[in-house]
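This report concerns only the one structure given below.
The values are calculated or read from the model by the stated rules, or taken from the named source; none is laboratory data. Because the structure is predicted, anything quoted here is derived from the model rather than measured. Cβ coordinates were reconstructed from backbone atoms using ideal geometry, including for glycine residues, and neighbour counts include every protein chain displayed.
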Amino acid sequence: MSSLPVQHAVSLRALNTFGIEAQAHAYLPVDAVETLQALRADASLMSLPRLVLGGGSNLLLTQDFGGLVLHMQGRGMAITGQDQDFTYVRAAAGESWHGFVQWTLAQGLGGLENLSLIPGSVGAAPIQNIGAYGIELKDRFHSLRAFDLERGEILTLDREACRFGYRDSVFKHALRDRAIVLDVSFALPRRWIANANYADVSQALEEQGITAPGPRDIAEAVIAIRTRKLPDPARIGNAGSFFKNPIVPARLRDRLLAQYANLVSYRVDDDHYKLAAGWLIDRCGWKGKSMGRAGVYEHQALVLVNRGGASGAEIARLAKAIQDDVLEKFGVQLEPEPVFI
């Protein structure tokens, strides 16, 4: 019989930012690699489907989970070194991402400020290659340690090994259901340069009369923007941006631009453009609308919300209706960001 502190029939409502009621067949808090090593030795637990849970901010629970939830709870943040170009910092997987960003700023270190107030945990951040306001995690990433449940060893992966893409990484592909992130290290530039090119950020700084912003100035601007645009999950259930901004061929973007002069798009390369998913959804008339207890946030069409007591299936139905409308009107397929369980 396992000596691990496994709990059964555990409610996940407080552990997902949509606030959806669902139960886990089995639940195991993980605060050290030794817990994962012991798990690996337990054949009955290893035979169950697994869900690794951090902050629950990139998750849509459409049903009870009939397997084992591994809830990452490791804590710790540290400056680990410095060279001519970078200061290196590390945080455990269970740390709050925003809390970690705030900690780096308190140490006088810039580099992560554009990623302020993104919900979730440090361990989940590289899986999704989180990004906002002109920066992606990969731009500041140094390395991470992950436990390989298949081989029972600790892996150290650099940026190349993580194969980062737009909201993508190796953890969604070759290492899916296999590697569990333990901690993440970042290289923060000693010669810090402000990244305030994003229109909302530059406008917020201009309104405050800040012409030479520091890292904290940009962090505060980003926090103010996100607070204004996005609902607080503690007040109204949501998972932040629900859809990825679609990347489309340049010819499709040009055709849409000819029809819609105010189309919001960003050049990716000579052959591709990224379209603003929120703009597409808004143009289809979904902002502020509801289907049952699921809805689209009044101030940002990219955010789906739980208006109270919604099931994951209700939110999934709303998402599908939005996808169908955008595809019919614009010929663009939207892809959800959250993982559907």
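If you take the residues of region 53-86 that are surrounded by fewer than 21 Cβ atoms within 10 Å (Cβ to Cβ) and β-branched (Val, Ile, Thr), which of them is nearest to Phe243 (Cα to Cα)?
My answer is Thr62.
Would you point out the residue of region 50-62, among those that are in a loop (DSSP other than H, G, I, E, B) and modelled with pLDDT under 95, that is nearest to Glu21 (Cα to Cα)?
Looking at the filtered set, the residue picked out is Gly56.
Which one is surrounded by the fewest Cβ atoms within 10 Å (Cβ to Cβ) among residues in region 12-52 that are farther than 18 Å from Ile315 by Cβ and either in contact with a Cys (Cβ under 6 Å, 6 or more places away or on another chain) or among the hydroxyl-bearing types (Ser, Thr, Tyr) (or both)?
Applying the filter and picking the extreme gives Ser47.
Condition first: touching a helix residue (DSSP H, G or I) at 6+ places or on another chain (Cβ under 9 Å), touching a residue at least 60 places away in the same chain (Cβ under 8 Å) and surrounded by 20 or more Cβ atoms within 10 Å (Cβ to Cβ). Now tell me which residues in region 298-321 satisfy that.
Residues satisfying the conditions are Gln300, Leu302, Val303, Leu304, Val305, Asn306, Ala310.
In region 262-289, how many residues are of a type outside the set (Asp, Glu) and either outside the structural domain of Ser241 (by TED's automatic domain parsing) or farther than 29 Å from Asn306 by Cα (or both)?
6
Given the conditions (1) closer than 30 Å to Ala106 by Cα; (2) of a type outside the set (Asp, Glu); (3) in contact with a Ser or Thr (Cβ under 9 Å, 6 or more places away or on another chain); (4) at pLDDT below 95, report the number of the one that Pro215 does not fulfil.
So Pro215 meets the others, but not (4).
Within region 162-201, how many residues are surrounded by 15 or more Cβ atoms within 10 Å (Cβ to Cβ), farther than 24 Å from Leu70 by Cα and among the small types (Gly, Ala, Ser)?
3
Is it the case, given these coordinates, that Ala194 is of a type in the set (Gly, Ala, Ser), under 18 Å from Val101 (Cβ atoms), part of a helix (DSSP H, G or I) and not assigned by TED's automatic domain parsing to the domain that holds Trp97?
Criteria not met by Ala194.
Of the residues Arg251, Arg255, Arg267, which is of a type in the set (Lys, Arg), under 23 Å from the mean Cα position of the chain (by Cα) and either part of a helix (DSSP H, G or I) or surrounded by fewer than 18 Cβ atoms within 10 Å (Cβ to Cβ) (or both)?
Among Arg251, Arg255, Arg267, only Arg267 is of a type in the set (Lys, Arg), under 23 Å from the mean Cα position of the chain (by Cα) and either part of a helix (DSSP H, G or I) or surrounded by fewer than 18 Cβ atoms within 10 Å (Cβ to Cβ) (or both).
Looking at (1) surrounded by fewer than 22 Cβ atoms within 10 Å (Cβ to Cβ); (2) of a type in the set (Ser, Thr, Tyr); (3) in contact (Cβ under 8 Å) with a residue 24 or more places away in the chain; (4) more than 18 Å from Phe86 (Cα to Cα), which is the one condition that is false for Ser116?
Every listed condition holds for Ser116 apart from (1).
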